[in-house]
Amino acid sequence: MDLPTIPAAPGTPPCGPPTLGDDGWVVTRHADVLAALTDSRCVVPPVPDGPAGTLAWLRASVSRFSPPGRHAARRAVGVAALDAPDPGELRRAAERLTERILDRPSEENMTPARRVPLLVLAERLGLADPAAAATEVVAVAAAYHPGADPAAARRADRAVAALLALSPQAPAEVTANRLGLLVQAADATAGLIDAAVRHGRAAPDGLATAMLLAEVLRLDPPVRLTRRVAADALSLGGRAVRAGDRLLLRFDAANRDPAVFPDPDRFRAGPAGPVLTFGAGPRGCPGERHALALATGVVDVLRRASGALSEGSRR
Ligand code: HEM
């Protein structure tokens, strides 16, 4: 099978020892990124709280941005909610919905990549109107990470209020962490699907969607980096990191570390390696299987529709 090369996206730093830049330490080697993700001295940067029902409140209530002492209990809420949807069933639901959208494109205001995962998850999480919820989740996702522009943050405040009104009755922190699943799922899953369809055009005929997704996650990750701050001094990749230093953990660079992936830019058709795009350690993505199931369902249908995958072949 003649497998393509996927060059690093512009802005991906080369792999090497940590370097100190304007935004803190840039960490690019696979071993260093993994060490930071699994070191309890490297904590998620704190976020300010805000009035109940706002975007700032949501951020401060979800496990994703929680300090170490609050993280585990909040994460358990999301993990419990993810227990119910069986990934095989999610994939089939994503396929059915994508086929329906392709049959009636004029009725849609979002691409299947964006809409299908959110509709399927919102329905499984019991939101009253999954289609309305999907629109609101996109608005929250646009401002979710701290530092969003003020207009997007105001729109996200209204969207959080709308999502709370659509959510089943539950304690506020439970509702926040269930909504957190949808927001975390939104951009990353859509980005994976879009990239898989794009790179799939250059892939050999009939390449299984699971393999395509695995390599797209490595070579064109929809989440390119994450952030930590050092709670204590530590040594990372031979560098002395001081307490309070910021760390930029670059998944995009680490996934091309030649020490782990020989011939790193070339698409591989073998078993998936230790790709870091879903993170690792106690804060690693709890939705990995769900993301892959949903993306497989959508990408299979889109590839079959474009002729890149023969009828009946999947995964
Ligand atoms: C291709 C799709 C996805 C990618 C690449 C991705 C990636 C990640 C990464 C890298 C983290 C950890 C961030 C860090 O440690 O700083 C994370 C956390 C998280 N993800 Fe995902 N994710 C995806 C889809 C999903 C989906 C579908 C769900 C839910 C159904 C989800 C739910 C979460 C949650 C709740 C967290 C926070 C976990 C915690 O607080 O411990 N993600 N994700």
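Every read-out reported here was derived from the displayed coordinates using simple, explicitly stated rules and does not represent laboratory data. Owing to the predicted nature of the structure, the values given are computational and were not obtained by experimental measurement. Note: ideal-geometry Cβ built from the backbone for every residue, glycine included; neighbour counts use all protein chains shown.
Peptides 93-101, 182-190: what's the order by average Cβ count within 10 Å, highest mean first?
Per-residue Cβ counts within 10 Å, averaged per peptide and sorted highest first, yield 182-190, 93-101.
If you take the Cα atoms of segment 160-296, find Rg, then find the Kirkwood Rh from the mean of 1/r over all pairs, what is Rg/Rh?
Ratio of gyration radius to Kirkwood radius for segment 160-296: 1.04.
Is there a quick way to get the dipole size of the chain? I mean about its Cα centre, with the Cβ of Lys and Arg at +1 and of Asp and Glu at -1; what is the value in debye to the nearest 20?
It comes to approximately 400 debye.
Give, in nm to one decimal, the length gained when the segment between ALA272 and ASP49 is fully stretched (0.36 nm per residue of separation minus the Cα-Cα distance). Don't jump to the answer; show the numbers that get you there.
Values: separation 223, 0.36 × 223 = 80.28 nm, distance 3.90 nm.
My answer for the length gained is 76.4 nm.
Counting each DSSP H run of 4 or more residues in the chain as -39500 (n - 2.57), what helix-only mean residue ellipticity at 222 nm follows after dividing by all residues, to the nearest 500 deg cm²/dmol?
Numbers: 11 runs with 153 residues, N = 315.
Estimated from H runs of four or more residues: -15500 deg cm²/dmol.
When averaged across all projection directions, what area in nm² does the alpha-carbon convex hull of segment 19-306 cover? Write out the running numbers ahead of the final one.
Values: hull surface 61.8 nm².
Dividing the Cα hull surface by four gives the mean projection, 15.4 nm².
When you count, for each residue, the other Cβ atoms within 10 Å and take the mean per peptide, how do 241-251, 42-52 rank with the highest first?
Per-residue Cβ counts within 10 Å, averaged per peptide and sorted highest first, yield 241-251, 42-52.
For segment 1-127, what is the per residue volume of the convex hull drawn over the alpha-carbon atoms, in cubic angstrom?
245 Å³
Using mean Cβ contacts within 10 Å as the protection proxy, how do 210-217, 160-167, 227-234 order, highest first?
Highest-to-lowest ranking by the protection proxy: 210-217, 160-167, 227-234.
Compare ALA240, ALA72, ALA196 in a GNM of the chain, Cα atoms joined below 10 Å, and give the one with the largest fluctuation.
Result for the chain, Cα springs under 10 Å: ALA240 fluctuates most.
Once the dipole of the chain is set up with Lys and Arg at +1 and Asp and Glu at -1 on Cβ about the Cα centre, which of VAL298, SER235, LEU247 lies farthest towards its positive end?
SER235
So how long is each side of segment 166-210 along the principal axes, counting just the alpha-carbon atoms, biggest first, in Å?
Each principal axis gives a Cα extent; for segment 166-210 these are 50, 15, 15 Å.
So for the chain, averaging the separation of alpha carbon pairs under 8 Å that are six or more residues apart and normalising by length, what relative contact order in percent results?
Worked out over the chain, it gives 30 percent.
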